[in-house]
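*Asks:* Dropping the structure in here first, questions after.
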Amino acid sequence: CLFAPQTTVTHGTAFTAAEFARMAAARMKLTWSPRSNVSLYGATTDIPAALAAGVTVALGPDWSMGGSVNLLEEMRFAKSWSDSRWNGRLTARDLLQMATSHGAEVLALDPKIGRLRAGSLADIAIYGGDRTAPYDAIVAAHPRSVKLVFVGGVPLYGDRTFEAAASDPTLCERMDVCGAEKFVCVATKDASNKLNQSLATIRQNLEQALADADALTPGDGWNFSPLAPLFSCPNP
């Protein structure tokens, strides 16, 4: 029953053209996390073979301990790997589709998210960069390049210039992101489900939870604390 359109395989690093052909015949999908694969195995999934078979491929980070901190890093890593190992088989547009519309498809959340169209949730990120090469600009983007982010049509993060557009700027916090001052709106006035927590409170609680988890298994070789950073900055 798993050979069905509802099934998505994560990684698939050992798959060959034969497995991808079977996946494509059943309209199964694939989620790719190259940086984690390379960190663990020194190689990653044969994405050109998957695409040649007609498999829908989504892109996403695996985990921060051996992968990318966020999706921007994962896209840059995937582009670099493709350029150096697959003769540039994956374009910037390919990677952006893997991270957006294809990601929505593998989660069965299309058409609600993943595309800019009427009727979908307005989850939108706006980047700075070369307008004549928009896909390349996004794949090359670093956290500083993110100008504004909407979730469900509500501005929640971006350059200080846009802070007044937030639904309630009094609840927003300010943070330095690679030398750029940003605003971030995490807390709400609704205390249910802990929605009134600030970014600082969330970070403190997660740090403590990770430290507590490490204390339960001392000496096992895995340390989850401290909390991974939200972003990393490029070398100057």
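The values are calculated or read from the model by the stated rules, or taken from the named source; none is laboratory data. Every value quoted in this text rests on a predicted model; they were computed, and no experiment measured them. Cβ sites come from the backbone with ideal geometry, for glycine too, and all protein chains shown count toward neighbours. Surface areas here come from the heavy atoms of the whole protein model, side chains and all, with no ligands, DNA or RNA. Shrake-Rupley method; radii C 1.70, N 1.55, O 1.52, S 1.80 Å.
*Asks:* According to the Cα gyration tensor, what semi-axes, each the square root of 5 times an eigenvalue, does the equivalent ellipsoid of region 146-189 have, listed from largest to smallest in whole Å?
*Replies:* 16, 11, 8
*Asks:* Here is a further query. Assuming R0 = 45 Å, can you tell me the calculated FRET efficiency for the pair Val154 and Ala17, based on Cβ-Cβ distance, to the nearest 0.05?
*Replies:* About 0.50, to the nearest 0.05.
*Asks:* Further question on the same structure: Give me the tail of P(r) for region 178-236 as a percent: Cα-Cα pairs with distance above 20 Å.
*Replies:* So the pairs more than 20 Å apart make up 48 percent of the total in region 178-236.
*Asks:* Let me ask something else about it. Along the charge dipole of region 78-236, Cβ charges K/R +1 and D/E -1, which of Ala141, Cys233, Cys185 sits furthest on the positive end?
*Replies:* Most positive-ward Cα: Ala141.
*Asks:* So if I restrict to the alpha-carbon atoms in region 31-184, what is the Rg, and what is Dmax, the biggest pairwise distance, in Å?
*Replies:* Considering region 31-184 through its Cα atoms, Rg and Dmax are 16.6, 52 Å.
*Asks:* Further, regarding this structure: For the chain, what is the accessible area per residue in Å² when the probe is 1.4 Å?
*Replies:* Heavy-atom SASA per residue in the chain reads 57 Å².
*Asks:* Mind checking region 84-139 for chymotrypsin sites (Phe, Trp or Tyr not before Pro) that DSSP puts in a loop (not H, G, I, E or B) and that have at most 16 other Cβ atoms within 10 Å?
*Replies:* Trp86
*Asks:* Limiting things to C-alpha atoms, what are the Rg and the maximum Cα-Cα separation (Dmax) for region 52-95, in angstroms?
*Replies:* Just the Cα atoms of region 52-95 yield Rg and Dmax of 11.1, 32 Å.
*Asks:* Treating the angle as unsigned and between 0 and 90°, give the value, to the nearest 10°, between the Cα long axis of helix 199-216 and the longest Cα principal axis of the chain.
*Replies:* 60 degrees
*Asks:* Let me ask something else about it. Express in % the proportion of alpha carbon pairs of region 117-214 at distances exceeding 21 Å.
*Replies:* That fraction is 46 percent.
*Asks:* Considering only DSSP beta bridges with both partners in the chain, what is the antiparallel share in %, to the nearest 5?
*Replies:* Roughly 70 percent of the beta bridges in the chain run antiparallel, per DSSP.
*Asks:* Given 20 °C and 1.002 mPa s, compute D for region 5-115 with the Stokes-Einstein relation, Rh being the Kirkwood radius over Cα pairs; round to the nearest whole µm²/s.
*Replies:* 155 µm²/s
*Asks:* Given region 94-163 reduced to its alpha-carbon atoms as identical point scatterers, what log10 I(q)/I(0) does the Debye formula return at q = 0.15 Å⁻¹?
*Replies:* Once normalised to I(0) and log-transformed, intensities are -0.54.
*Asks:* In the chain, what percent of the accessible surface is made up of carbon and sulfur (1.4 Å probe, ligands and nucleic acids excluded)?
*Replies:* 56 percent
*Asks:* Next question. Is it possible to state the helix-based mean residue ellipticity at 222 nm for the chain, with each DSSP H run of 4+ residues giving -39500 (n - 2.57), the sum divided by total residues, to the nearest 500 deg cm²/dmol? What is it?
*Replies:* One gets -9500 deg cm²/dmol as the mean residue ellipticity at 222 nm.
*Asks:* Would you report the distance distribution of C-alpha pairs in region 20-63 as whole percents per 5 angstrom bin, up to the bin with the largest distance?
*Replies:* Reading the bins upward from 0: 6, 25, 27, 21, 15, 6, 0.
*Asks:* Would you mind calculating the relative contact order of the chain from Cα pairs under 8 angstrom and at least 6 residues apart, reporting the percent as a whole number?
*Replies:* 12 percent
*Asks:* So which cysteines in the chain don't have a second cysteine's C-beta under 4.7 Å from them?
*Replies:* For the chain, the answer is Cys1, because their Cβ atoms have no other cysteine Cβ under 4.7 Å.
*Asks:* I've got another one for you. Would you please put 190-200, 140-150 in order of how densely packed they are, using the mean number of other Cβ atoms within 10 angstrom per residue and starting with the highest?
*Replies:* Ranked from most to least packed, the peptides come out as 140-150, 190-200.
*Asks:* On to the next question. Tell me, what is the FRET efficiency for Val38 and Arg117 to the nearest 0.05, using R0 = 35 angstrom and their Cβ-Cβ distance as r?
*Replies:* So, using R0 = 35 Å, E works out to roughly 0.50.
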